[in-house]
1. Stretched out fully, how many nm does the piece from residue 68 to residue 188 gain, at 0.36 nm a residue minus the Cα gap?
2. How many nm is it between the label spots at residue 403 and residue 171, if each spot is 7 Å from the Cα in line with the beta carbon?
3. Using 0.36 nm times the number of residues separating residue 181 and residue 373, minus their current alpha carbon distance, what extension gain do you get?
4. Determine, for each peptide in 125-136, 30-41, the mean count of other beta carbons within 10 angstrom over its residues, then list the peptides with the highest first.
5. Ranked from highest to lowest mean number of other Cβ atoms within 10 Å per residue, what is the order of the peptides 22-28, 181-187?
6. For the stretch 2-426, report the % of Cα-Cα distances exceeding 38 Å.
7. Using a simple spin-label model with points 7 Å from Cα along the Cα→Cβ vector, what separation in nm is obtained for residue 48 and residue 330?
8. Fewest to most neighbouring Cβ within 10 Å: what's the order for 308, 259?
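Every number here is computed from the coordinates shown, using simple stated rules; none is lab data. Since we're looking at a predicted model, the values are computed, not measured. Every residue, glycine as well, gets a Cβ built from its backbone with ideal geometry; the counts of neighbours run over all protein chains shown.
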């Protein structure tokens, strides 16, 4: 029994190992650089729609693309989660989105100079699948870990992700740096790396597919939904269950305060992750090797950050450590505003790597300890909604300020407000407060 549990938890870890290749190589590193230097013309790009023409640049375009991607998941996440809770299909949804996202990631191989629309569509679909799959991945956490284990299991999951994503990214960097020796162009090396990312994501997810156990059906669901495999019946239940949860917000006041706080500070975190590389390229004019090397450093330092903060949260309290980490983020943003050199960017990368893993891991475990286990997918659907709702506004704010001011420095500094609001709201969240089950 103990070995089965270990194998189940290991299979859960390995999905983070697999999909972090997409988060690192596609979202944070290679694709933003490739998008800014190859896909989008150096003199900008003209967006044309219904007779409207807007001249824009790669930085603004990437920021708006990141925000727009979140809209679809914002609408669908709680409904998908409710369906998964009562249909015994968390794993099925997880793997469907996983392999769909892997396919669209691999299709980025065909994106070349000037293929702006094709690149944006492929990335939009891949990123939507990536975000959606994480709803169901996170929903397994309360099922595979007890309350005393949840901080460390969540932290180890992120550690596996940083290690897997870092190793895959390292292979890509080696390929790009040695492209002349193996007789291919640099752009081809980048395209192969994007293809390799999709293969890595799908390939290692086969371990999750083989070993991760599907939790039992929710016995609290109506009998017709426990026995009926009609997808329309599941959809009706998903919509009605989600609406009922929203209407019962008074019962979930503590959870709601946390989610609103999470929405604000997570907005700042994800905007930094998504815009860091293109900020270094656009504002600091750094070499690609510096940008990629810094991101690789972030991955490996993130392992220690995730494990360290998850461990000390058991001693000092999850909420207290989370607030402390968010104050560290405030200092990082102020430093990012004044940096001017490659060395400054390396130092910034070390700091980000240290706090990134900790803030992500303990946020997930803090939330997972408060929600009903039998409704974990639905509640993690709401978690994803608030995460992606925030991911809409952060990049949009960044993009608008960059477009108006012509500089990314004020855009990066504007994120300070998101962290301050998040910290203030977290002070009103009661730790160790369990959310009641729906009836």
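1. That pair, residue 68 and residue 188, stretches by 40.4 nm at full extension.
2. Simple spin-label model gives 3.9 nm for this pair.
3. 63.8 nm
4. Highest mean packing first, the order is 125-136, 30-41.
5. By packing density, highest mean first, the sequence is 22-28, 181-187.
6. Percent of Cα pairs beyond 38 Å in the stretch 2-426: 17.
7. 4.9
8. 308, 259
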